[in-house]
Amino acid sequence: VQLVESGGGLVQAGGSLRLSCAASGSTFSINVMGWYRQAPGKQRELVATITSRGGRTNYADSVKGRFTISRDNAKNTMYLQMNSLKPEDTAVYYCNAWTIATGYWGQGTQVTVST
């Protein structure tokens, strides 16, 4: 499974961005996909996850009500709509996919929120 993120950039506080993660390869084997982020000097943390079947979602408390995770199975693409962005959302955002055997990571995309 290969994952490629896109959509990061620089945005002012209160603005919006949409991240995309395109999956290729053995995508049929993916059970759960998610977004994680890592700010400078901090550990990587979970942002949101979505199941492949049923589309059940889970969010970190810090992003509930502001971020929305979704996926288009026909396009093998996952999205993260980020609204009401805050400076503390600044981080490298990583796409993640889990099969029954192992996990896969994208290369990351930088999101910077200015005051």
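The values are calculated or read from the model by the stated rules, or taken from the named source; none is laboratory data. Keep in mind the model is a prediction, meaning the values are calculated, not measured. Reconstructed Cβ throughout: ideal geometry from the backbone, glycine too, with neighbour counts over all protein chains shown. When the accessible area is computed, the model is the full protein with side chains, heavy atoms only, and any ligands, DNA or RNA have been set aside. Shrake-Rupley method; radii C 1.70, N 1.55, O 1.52, S 1.80 Å.
A compact table of results
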item: First in region 50-76 and touching a residue at least 40 places away in the same chain (Cβ under 8 Å), second anywhere and open to solvent by less than 60 Å² (accessible area, probe 1.4 Å), Cβ under 6 Å, 6 or more apart; result: 76/23; 76/27
item: Filter pass, residue 1 being surrounded by 12 or more Cβ atoms within 10 Å (Cβ to Cβ), of a type in the set (A, V, I, L, M), over 13 Å from the mean Cα position of the chain (by Cα) and over 20 Å from residue 115 (Cα atoms); result: yes
item: Close pairs (7 angstrom Cβ cut-off, 6 or more residues apart or separate chains): under 16 Å from residue 34 (Cβ atoms) and without any contact (Cβ under 8 Å) to a residue 40 or more places away in the chain in region 99-111, surrounded by 14 or more Cβ atoms within 10 Å (Cβ to Cβ) and polar (S, T, N, Q) anywhere; result: 103/96
item: Test: residue in region 28-40 that is over 22 Å from residue 102 (Cα atoms) and modelled with pLDDT under 95; result: yes
